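Remarks on the structure that follows.
The values are calculated or read from the model by the stated rules, or taken from the named source; none is laboratory data. Everything numeric here is computed off the predicted structure, so don't read it as measured data. Cβ placement follows ideal geometry from the backbone for every residue including glycine, while neighbour counts extend to all protein chains displayed. Just the protein is used for accessible areas: all its heavy atoms, side chains included, with ligands, DNA and RNA removed. Shrake-Rupley method; radii C 1.70, N 1.55, O 1.52, S 1.80 Å.
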Amino acid sequence: MFIRTGGVVAAGFLLTPLLACGEDPVRTTIAVSHSSTDDTATIQVSGLEKPLVVLHITDAHISVADRREAQYQRYASRMDNAYGKEREHWRTKKKTTTATHFLDLLASAKDRNVDLIALTGDIINNPSQSSAQFISKALKETGIRWLYIAGNHDWHYEGMAGSDDALRRTWTHESLLPLHPGQNPLCYAVRIGGINFVALDNSTYQVTVEQLAFYEKEIVRGLPTVLLLHIPLYTPANAGKHVSDSCGHPSWGWETDRNFAIERRERWPKSGNLQSTTEFVQRVRKTGNLVAVLAGHTHKARTDKLSDSAVQYVAQATCDGGSRLITFAPLASDKK
Ligand SMILES: [Fe+2]
């Protein structure tokens with residue numbers, strides 16, 4: 001795939017916010033070019049000073065449990081069993097555990113001098129403290145900076161009483177904080193190498209008013225922005241086989257929730273999407289300084305063109321050895 005995007009180059013965007021408060025960020029279109037395979041992407045961004053290499057890991061579906069977790073086994077067993085057997089690597093066909101696929105990728109990140117590891121959720125099958133500690137320890141040992149955002153399984157013990165929002169709040173704080181050092185687990189932003197990485201937890205399929213406000217605050221900085229999400233954003237072209245494949249699907253709600261009984265969770269509401277979710281999805285597609293969305297959830301590598309500047313990259317699941325190595329580079333035509 002090769003897409004040359006953008007048109008209006010916003011001079012000086014690397015150093016200073018371009019927009020006054022309230023001004024429409026849609027005007028800040030950054031020139032970007034995208035080329036990709038199912039394992040790689042090169043995203044050339046006007047104004048970048050040097051390349052930045054990011055390894056995108058998602059949906060590793062690892063379970064680790066020690067004696068602390070015995071009391072939660074009845075909430076964890078379905079997912080633990082589903083991913084407990086060795087799985088074939090989608091390229092090499094080597095059969096091994098999900099944890100080994102993950103550790104192999106971390107080793108490759110070190111070999112390739114990756115600058116940043118971006119993890120977009122469902123890294124673990126349920127919020128056992130042992131699983132979260134296994135992941136954070138392995139990440140720390142790479143010495144590579146990482147950014148993590150939760151998926152719908154990371155905080156969910158199936159069948160445990162409580163709304164999705166309440167369970168996410170509880171188990172994020174019980175188990176997932178080591179993966180979020182010093183960050184707000186629901187939304188945070190980090191600027192690295194001239195790019196603003198904005199991570200937003202949409203693992204309940206919804207985006208709150210507060211998260212939408214956070215996104216608005218970040219995009220008016222005018223920097224080239226990369227959004228990390230678990231659930232890919234809906235576009236009419238990528239609706240997927242089921243409503244559960246995307247965030248912001250217009251039909252999302254009580255009638256279309258086919259998995260609540262299997263996953264033993266709260267059924268989606270009769271009221272459907274929050275207004276803030278619908279607005280967020282529309283807003284993203286009008287953000288001229290957004291260059292990429294990195295997401296997972298559906299386990300199959302693909303790309304979706306979101307706007308003149310942005311492509312949504314969904315990576316192959318790491319439980320099957322998948323990942324995407326993304327190089328952000330200065331735009332070649334800048335040099336001419
Ligand atoms: Fe997921």
HN-Hα couplings for the stretch 35-40 via Karplus (6.51, -1.76, 1.60; θ = phi - 60°), in whole Hz with x for Gly/Pro, come out as 9, 7, 10, 6, 10, 9
Around H56 (Cβ within 12 Å, Cβ-to-Cβ, excluding H56; K/R +1, D/E -1) the net charge comes to -2
Between the Cα axis of helix 73-82 and the main Cα principal axis of the chain, the angle (0 to 90°, nearest 10) is 60 degrees
Y205 neighbourhood, Cβ < 13 Å, K/R = +1, D/E = -1, net charge -4
Cross-link reach from K94 to lysines, straight Cα distance under 23 Å and at least 8 residues apart if same chain, gives K85, K110, K300
Helix 129-142: inclination vs the chain longest Cα principal axis, degrees, rounded to 10, gives 40 degrees
Amide H contacts under 5 Å for K300, restricted to residues at least 5 apart in sequence or on another chain and with H modeled in the peptide plane, are A317
Short to long, in 5 Å steps from zero, the percent of alpha-carbon pairs of the stretch 102-217 per bin is 2, 11, 21, 22, 20, 13, 8, 3, 0
For the stretch 245-259, in residue order, the Karplus 3J(HN,Hα) values (coefficients 6.51, -1.76, 1.60; θ = phi - 60°; whole Hz; Gly and Pro = x) are 7, 8, 9, x, 4, x, 8, 4, x, 3, 5, 9, 7, 9, 10
The stretch 197-237 and the stretch 73-148 have their Cα centres apart by a whole-number Å value of 24 Å
Taking the convex hull of the alpha-carbon atoms of the stretch 229-335 and averaging its shadow over every direction gives an area in square nanometres of 8.2 nm²
The answer for the net charge of residues other than A109 whose Cβ lies under 14 angstrom from its Cβ, with Lys and Arg +1 and Asp and Glu -1, is 0
If one compares the long axis through the Cα atoms of helix 209-219 with the longest principal axis of the Cα atoms of the chain, the angle in degrees, nearest 10, works out at 40 degrees
So, relative contact order of the chain in percent, Cα under 8 Å, 6 or more apart, is 27 percent
Packing-ranked peptide list from 315-325, 126-136, 95-105, highest mean Cβ count within 10 angstrom first, is 315-325, 126-136, 95-105
Stretched fully, the stretch from E174 through H89 gains (0.36 nm per residue minus C-alpha distance, one decimal, in nm) 27.4 nm
Percent antiparallel among DSSP beta bridges confined to the stretch 32-174, nearest 5, equals 45 percent
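For the chain, which whole percent of the accessible surface, found with a 1.4 angstrom probe, sits on carbon and sulfur atoms?
Looking at the chain in its full context, I get 52 percent from C and S.
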Rounded to whole Å², per residue accessible area for the chain with a 1.4 Å probe reads 42 Å²
Listed by chain and number, the residues whose amide H is under 5 Å from that of W146, excluding neighbours fewer than 5 places away on the same chain and using placed H, are I117
Over all Cα pairs of the stretch 34-335, the Kirkwood radius sets Rh, and Rg/Rh then becomes 0.94
Sequence order, the stretch 293-301: Karplus ³J(HN,Hα) from phi using 6.51 cos²θ - 1.76 cosθ + 1.60, θ = phi - 60°, Hz rounded, Gly and Pro as x, gives 10, 10, 8, x, 6, 8, 6, 10, 5
Most packed first (mean Cβ within 10 Å per residue), the peptides 225-231, 146-152 order as 225-231, 146-152
